[in-house]
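**Q** What follows is a single structure, and I will ask about it in a moment.
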């Protein structure tokens, strides 16, 4: 297990109580590494939750990102899609600042202006952006959605793998706009908590968006 801590203007610092990743996440990273060799789209992964268990899902996405960085030994970018709630930013104690929202709304802003480095040279973080209340419109407008594709194309040119955290698929529509652009979608299932109804509703949403590359990840 590890935690990412704010480290002044230097970005984020990573501390690991055990200098190794749990076996399940390491195995998942190895599988994703195998998949990425087949198509360019598979170099991007979206992790979402079918319900409001976003904190557990966020913890899982941090583990996956760290595992991928170690397996690939190459730069990995973690993107927080949760504009409204900024779950990852809260967990990582990231101060409010420009991020995904601003990048999508203004293509002149470079990734370098919004991506934060970490104490691990192979892990980078793109926060969701400034608070929703500071803008008259959110990320779900058509202009922002159109820019999702070009953004992921840019990240693929700079990073070996892009991991996107979409929060709750039933409450954060931006995830459905991103899903067709990635090689793998992971839908979290929390043991003894996730309901069958939410799982079915999530899969129906994916079907309507013509997303087929969905797999489950069990969280205990």
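**Q** Could you list all residues from region 107-122 that are without any contact (Cβ under 8 Å) to a residue 12 or more places away in the chain and under 20 Å from residue 82 (Cβ atoms)?
**A** Scanning region 107-122 gives a single hit, 109.
**Q** Evaluate the following for residue 52: is it modelled with pLDDT of 75 or more, surrounded by fewer than 23 Cβ atoms within 10 Å (Cβ to Cβ) and not in a helix (DSSP H, G or I)?
**A** Yes: the conditions hold for residue 52.
**Q** So which residues in region 129-170 are in a helix (DSSP H, G or I), farther than 26 Å from residue 50 by Cβ and at pLDDT 85 or above?
**A** Residues satisfying the conditions are 150, 153, 154, 156, 157, 158.
**Q** I want to confirm something. Restricting to region 94-130 and keeping residues that are out of contact with any helix residue (DSSP H, G or I) (no Cβ under 6 Å at 6 or more places or on another chain) and under 18 Å from residue 57 (Cβ atoms), which single residue is surrounded by the fewest Cβ atoms within 10 Å (Cβ to Cβ)?
**A** Going through the qualifying residues, I end up with 94.
Each row is one residue, and each column tells you yes or no for (1) in contact with a helix residue (DSSP H, G or I) (Cβ under 8 Å, 6 or more places away or on another chain); (2) modelled with pLDDT of 90 or more; (3) surrounded by fewer than 22 Cβ atoms within 10 Å (Cβ to Cβ).
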site	(1), (2), (3)
56	no, no, yes
61	yes, yes, no
76	yes, yes, no
92	no, no, no
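**Q** Restricting to region 174-220, name every residue that is closer than 27 Å to residue 150 by Cβ, touching a helix residue (DSSP H, G or I) at 6+ places or on another chain (Cβ under 9 Å), touching a residue at least 12 places away in the same chain (Cβ under 8 Å) and not in a helix (DSSP H, G or I).
**A** 182, 183, 184, 185, 186, 187, 209, 210, 211, 213, 214
The values are calculated or read from the model by the stated rules, or taken from the named source; none is laboratory data. The structure presented is a predicted model; accordingly, all values stated were derived computationally and were not measured. Neighbour counts are summed over all protein chains in view; Cβ atoms, including those assigned to glycine, are modelled from backbone coordinates with ideal geometry.
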